[in-house]
Each structure stands twice: as C-alpha cells, then as structure tokens.
Amino acid sequence: MIAFWTLAAILIGSAVWTIVAAKPVYSVVALLINFAALAVVYLTLSAEFLGVIQIIVYSGAILVLFVFVIALLSSGVAPFAIGPNRLPKIWIPTAVAVLAALGFLIFAVARAPQGSAPATAPVGNQGVFGSIADFGKALFTVQLLPFEVTALVLMVAVIGVITLGGEQMREVRPRAQAATDRRMREAILREGKG
Amino acid sequence: MVVPIGDYVALAAVIFFIGVFGVIVRRNPLIMLMSIELMLNAGNLLLVAFARLWLQNAGQIFAFIVITVAAAEAAIGLAIIVTTFRPERFVDVDDVRSLHG
C-alpha cells in the first residue's frame, strides 16, 4: 500500500513535470522517471512481461527517438525554441474543464462497487497468472490475432516513416549535389595551381 | 497490503488528465507527443490493473498492443515533426497552415 502511494506520487509528479518543463529535454527526463515508475507498478500487478517491455520499448526506444529529434531540431544555428504556450490565454477555462472532468470521474469511481486486486502470487512460474511463460503461451495461441495485428501496425508505421523520409530526401538531394560539385571544382582548381 | 481497484482508476484518471492538459496547453509538438504518451500509459495502467483484478490475460495483451501502437505513433509523429519544422524555425504548431484548406 505504501509502495503504491509512493509510486503514485512519483508518477503524478513526473507527469506534471513533463508538461510544465521549459525545455523538451527536461520533459524527456521526467517522462523517463514516469515510465520507470510505471514499470514498477506493472511488476506489482504481476505483469512481468509488460514491465520489461515498458523499460525496453518506452525508455529504450521511444525516448531515445525523442532525444534524437530534439538534438536534430536544435542542431541549427538558433537554439531550440521553447515555443509559446497557450497557457496565458486559456489557462483558466482549461483548468476548470479538466478539473471538472477529473472530479466527476473520481466521484463515479467512489460510488462504484469496490473490488480489490488479489495479493501478488509468487512470480516466474508457469501457470501462475502474469508470468512470462503464461503470457507468451496466451500470446501465441488464444490471442494470436492481436499479435498479428501488432505486426501489421509496425509494418504500416515503417512504410509511413520511409515515405515521409523519402520526400525529405528528394528535397535535400539537389543541395547536396551542388555542394559535391563545388567541392570537386575547388579540388580541380587547387590541382591546376599546384 | 491490497490496493483497491478504485485507487488504480483514480491514479490513471489523474495521469490521463495531466496528459490532456499538456496537449491542450503546450504548443511545442514534442511535448504534445509526450503528453499523448502519458495518456496512452494511463490507459495501459487501467488495462493491466483490471487484468490483475479479473485474472485474465487479455488485458495484458491489449496493453501490449497499445505499447506497439504508441511506438508506431511516436515514430510517425516524430517523422512528421522533422519533415514539417525546419531546424532554424520557431517550433510552434500554430505556424503550420498548409492543412487549413
């Protein structure tokens, strides 16, 4: 119980830090803390595979992608612009709407019949709920269709990213070609002088 | 020691609305994408908590799908950001007018 509330405090605090941070890099750090805490929550809910996947995919892949894009966008002459917020303009109505929705939801939860997640069973054994063996068996037998849909989603994402990147490369190519031509001309001139 | 399911729902709701607030208020596309990740994670937390409550694997497998979708969405979203915003320009989604019709 204490562990849950400690993790909840970390999750909420890092989530708030994510959205109020001045620079995107700080947001990435806050999000990293958030994902790590969430992985621990998954482990307490005996979702071992998801806890590991949370670290590998989110912290390992997605956040590194964010860091790469931040580095790419801030590698120009100007430093990365923070970007203006809409905060001054719509801060009060947004806060009222969001807090009203949140209050309604928590009220509904408080009114709902309460059930408790059972205490955690010993982990790592086959046949125990949430163990990796159990999860893998379900993934490749009963839940095979969702697994295939996952593959399809990743395929579509790869094709989409290649399409977007290809358009950018077509724009860039003439400039790169011109630079190569200029370098070759300069080299030829140097040869002639020497 | 046992945490009631309502606490998980409340925690997920708080994180989700922090993400909503981030998407509405922040204008930096990177931080907006991160807020979307926060919202997806809140949904995942609920899926895993209810999977634990009912002792059903399906919730965890759907959370796995959501993680995949989040990875795909991050890849495509970041590719769009990189192709849309030039490095030397101010990064602000309100500057993008090409889809206004």
In this structure, the FRET efficiency calculated for A:T44 and B:A58 from their beta-carbon separation, with R0 = 25 Å, to the nearest 0.05, is 0.80
Quick calc: nm separation of the 7 Å Cα→Cβ label points for A:R185 and A:V156 -> 4.8 nm
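Between A:K137 and A:I106, take the C-beta separation as r, use R0 = 41 Å, and let me know the FRET efficiency to the nearest 0.05.
Details: r = 37 Å, r/R0 = 0.91.
Step by step, r from the Cβ atoms, then E = 0.65.
Each reported figure results from applying straightforward, stated rules to the coordinates on display, with no laboratory input. What you are looking at is a predicted structure, and each value in this text was computed from that prediction instead of being measured. Note: ideal-geometry Cβ built from the backbone for every residue, glycine included; neighbour counts use all protein chains shown.
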